[in-house]
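Report on the structure given below.
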Amino acid sequence: MNGSTLTRCSWATNALLTQYHDEEWGVPVHDDRRLFEFLILEGAQAGLSWNTILQKREAFRMAFDHFDPGSIAGYDARKVRALLNNPGIIRNRLKIRAAISNARAFLLVQEETGSFDEYIWQFVKGRQVRNRWTSSQDVPCQTPTSDAMSQDLKRRGFMFVGSTICYAFMQAIGMVNDHTTDCFRYRQLR
């Protein structure tokens, strides 16, 4: 069976989204740097399409030191100006400042809990939530769990972490399996 005959979630509408859907979305992530990357990219995506973020992902990686929170936490006004002049990324001052603030908060969480992975996965008791949506229209944009995560992240100084962004983050890093039940990835990630 080739990739074009597989049933996928309805949002995988082009080659880039299909590759992301097939290889990353919903796969549990436990590496702190990858978790930080997804957190920053989900915040950058606010008000935009995920397709736009995927198109700019490599430029983001280069501009933000491969999402090294230690490096980003030390960014100064000169680095912010350089980022604002970088056409490869989303040049939004608030989102850039949020990335820096989030790096600092991320490092504090690591210091407090040992790893961001341990901290973030506690919201689902360390296990992927397996939903059973039959249609993409059934998938919520936020849940009580994403509400709690959002509140706690904000309390810790994180920015651009509203409940909807947190739920998208949960989907991206596999805290929830929100592939529809007819999607071939739903069964693979069970």
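The values are calculated or read from the model by the stated rules, or taken from the named source; none is laboratory data. For clarity, every value in this text was computed on a predicted model and none was experimentally measured. When we count neighbours, we look across all protein chains shown, and the Cβ atoms used for this are built from the backbone with ideal geometry, even at glycine. Calculation scope for accessible area: heavy atoms of the full protein, side chains included, ligands and nucleic acids excluded. Shrake-Rupley method; radii C 1.70, N 1.55, O 1.52, S 1.80 Å.
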- Taking the radius of gyration and the Kirkwood hydrodynamic radius from Cα positions alone, what is the Rg/Rh ratio for segment 136-190, to two decimal places? 1.06
- Item | Residue-normalised accessible area of the chain, given per residue in Å² at a 1.4 Å probe | 49
- Return the lysines within reach of Lys56: Cα separation strictly under 21 angstrom, same-chain partners fewer than 8 residues apart disregarded; answer none if there are no such residues. Lys79, Lys95
- segment 97-111 versus segment 1-67: alpha-carbon centroid distance in Å: 21
- For segment 23-176, which whole percent of the accessible surface, found with a 1.4 angstrom probe, sits on carbon and sulfur atoms? 49
- Could you point to the residue in Ala98, Ser150, His179 farthest towards the positive end of segment 78-190's charge dipole, with +1 and -1 charges on the Cβ of Lys/Arg and Asp/Glu respectively? Ala98
- Restricting attention to segment 42-118, which trypsin sites (Lys or Arg not before Pro) occupy a DSSP loop and are surrounded by at most 14 other Cβ atoms within 10 Å? Arg91
- Would you mind checking which residues have amide H under 5 Å from Val129's amide H? H placed 1.01 Å from N; only 5 or more apart, or other chain. Val176, Asn177
- Message: I need the fraction of alpha carbon pairs in segment 55-190 separated by more than 19 Å, rounded to a whole percent.
- Response: 58
